[in-house]
1. From (1) open to solvent by less than 10 Å² (accessible area, probe 1.4 Å); (2) in contact with a Gly (Cβ under 6 Å, 6 or more places away or on another chain), pick out the condition that doesn't hold for residue 135.
2. Of (1) out of contact with any Gly (no Cβ under 9 Å at 6 or more places or on another chain); (2) open to solvent by less than 40 Å² (accessible area, probe 1.4 Å); (3) not acidic (Asp, Glu), residue 153 satisfies all except one. Which?
3. So, in region 33-53, exactly how many residues are over 24 Å from the mean Cα position of the chain (by Cα), open to solvent by less than 50 Å² (accessible area, probe 1.4 Å) and farther than 17 Å from residue 17 by Cα?
4. So the check is Cβ under 7 Å with 6+ separation or different chains; which pairs have a first residue in region 163-184 that's in contact (Cβ under 8 Å) with a residue 60 or more places away in the chain and closer than 27 Å to residue 245 by Cα and a second one that's among the hydroxyl-bearing types (Ser, Thr, Tyr) and open to solvent by less than 70 Å² (accessible area, probe 1.4 Å)?
5. Please give the helices (runs of 4 or more DSSP H) falling wholly within region 1-112 in which 2 or more residues are of a type in the set (D, E, K, R).
6. When region 1-56 is examined, which residues are found to be in contact with a Phe, Trp or Tyr (Cβ under 9 Å, 6 or more places away or on another chain), more than 23 Å from residue 326 (Cβ to Cβ) and modelled with pLDDT of 95 or more?
7. Taking the criterion of being in a loop (DSSP other than H, G, I, E, B), modelled with pLDDT of 95 or more and under 22 Å from residue 351 (Cα atoms), would at least one residue in region 149-169 satisfy it?
Amino acid sequence: MTETQDEAAGFHPVTRPRVALVGAGKIAEQHLLALKKVEGVELAGVCDLSPALAEYTARSHGVEAWFTDYHAMLDACRPDVVHILTPPATHEPFARECLERGLHVLVEKPVALSLQAFEDLWALARSRGLRLVENQNYRFNDPIQRLRAIVARGDIGEVEEVEVRMVLGIRGGGRYADENLPHASHRLPAGVLHEFISHLAYLLLAFMSDGDTRERKISAAWLNQGGGDLFKYDSLDAQIITANAHGHLRFSCHQWPDSFSVTVRGSRGLASAELFHPSVRVVKVRPGGQHLSPLMNGLAEAGTLVRSGFGSIWRKIRNRTAYEGLQAFVAGTYEAIRTGSEPPVTYGDMERTLRLIDDLLAEENRL
């Protein structure tokens, strides 16, 4: 399968796109804020099963109309681009219908629940000359961009190990912990963890240079450490071994504090990015040699902690959140829709992510 969507049919550029959103939950607000910074976009409609939420979202963000039936919205608004922001199990059927109607699609992760389902959607998009792009927003957050620059410059040598770790208290309350009204994601193949595993997978692959090879060994421990019938899994500890590097994916809701980090260990040091409390830490050989490097690394780390603390306060004042990368993702995707250029998240990015998730869930790879 090719990585471009423009070969099977002529690409359909849209210079001043009309945009509709399916789903008006928390993530819709972030998409709308990002869309307001894209020149020439017309916000045509928003749809949600909750009429109160759909109306509130439309009025709050200057959207022309609101609906509770997405078929009615597509018929009435005649958008060029649709953002699919609904629960994961609905992404594939909603995306398929939009593509069949000739509409470009931006979809929240996961784009589909299996690699084969994604390949089918991709073939449909490619046959119509349309964009199908999954939101992998953390790729574009500042700490990840800085970490990628550090690795690309060779500051820590050759990459030998990558760890992506998320700690999130999903059992402690909120939408996933309600036993009286179980969240729909509990029924996904990886349970609620399916809401987060895409982020872990695509960030791991962003730093493993041969992470797309089929010659790899995978072992995955999917656990329900908290017990009970509500959660299928609440923890993951997985290892991915390729020819040149080892990868680790870890998710837990039993630790504290909440965090989301990517650590890259190389032949000459390590670098780590924290996304929930944005900062970047580097430990490497510094001027002064082996004896002075620990002291200089300690001073550098102290400075990083101070800057991170003040930066967190400043981000709150400016209303900056962990969704900061979404703006760059949306802007880049609309540039691709206007001009036919490569989207910021490519076929290869999505294919490798879905293939890794399939492998993590495969029975033969489970511990």
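1. Only one criterion is unmet by residue 135, namely (2).
2. (2)
3. The qualifying residues number 1.
4. 163/263; 165/261; 167/252; 167/259
5. 26-35, 51-61, 91-100
6. 51, 55
7. Checked region 149-169: no residue is in a loop (DSSP other than H, G, I, E, B), modelled with pLDDT of 95 or more and under 22 Å from residue 351 (Cα atoms).
Results for (1) touching a residue at least 12 places away in the same chain (Cβ under 8 Å); (2) farther than 21 Å from residue 80 by Cα; (3) touching a His at 6+ places or on another chain (Cβ under 9 Å), shown as yes or no for each residue.
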| position | (1), (2), (3) |
| --- | --- |
| 329 | yes, no, no |
| 332 | yes, no, no |
| 335 | no, no, no |
| 343 | yes, no, no |
| 346 | yes, no, no |
| 351 | yes, yes, no |
| 354 | yes, yes, no |
| 357 | yes, yes, yes |
| 365 | yes, yes, no |
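The values are calculated or read from the model by the stated rules, or taken from the named source; none is laboratory data. In this text the structure is predicted, and so the values were computed from the model without any measurement. Here Cβ is always computed from backbone atoms with ideal geometry, including for glycine, and neighbour counts include all displayed protein chains. Surface accessibility is based on the protein's heavy atoms, side chains included, excluding ligands, DNA and RNA. Shrake-Rupley method; radii C 1.70, N 1.55, O 1.52, S 1.80 Å.
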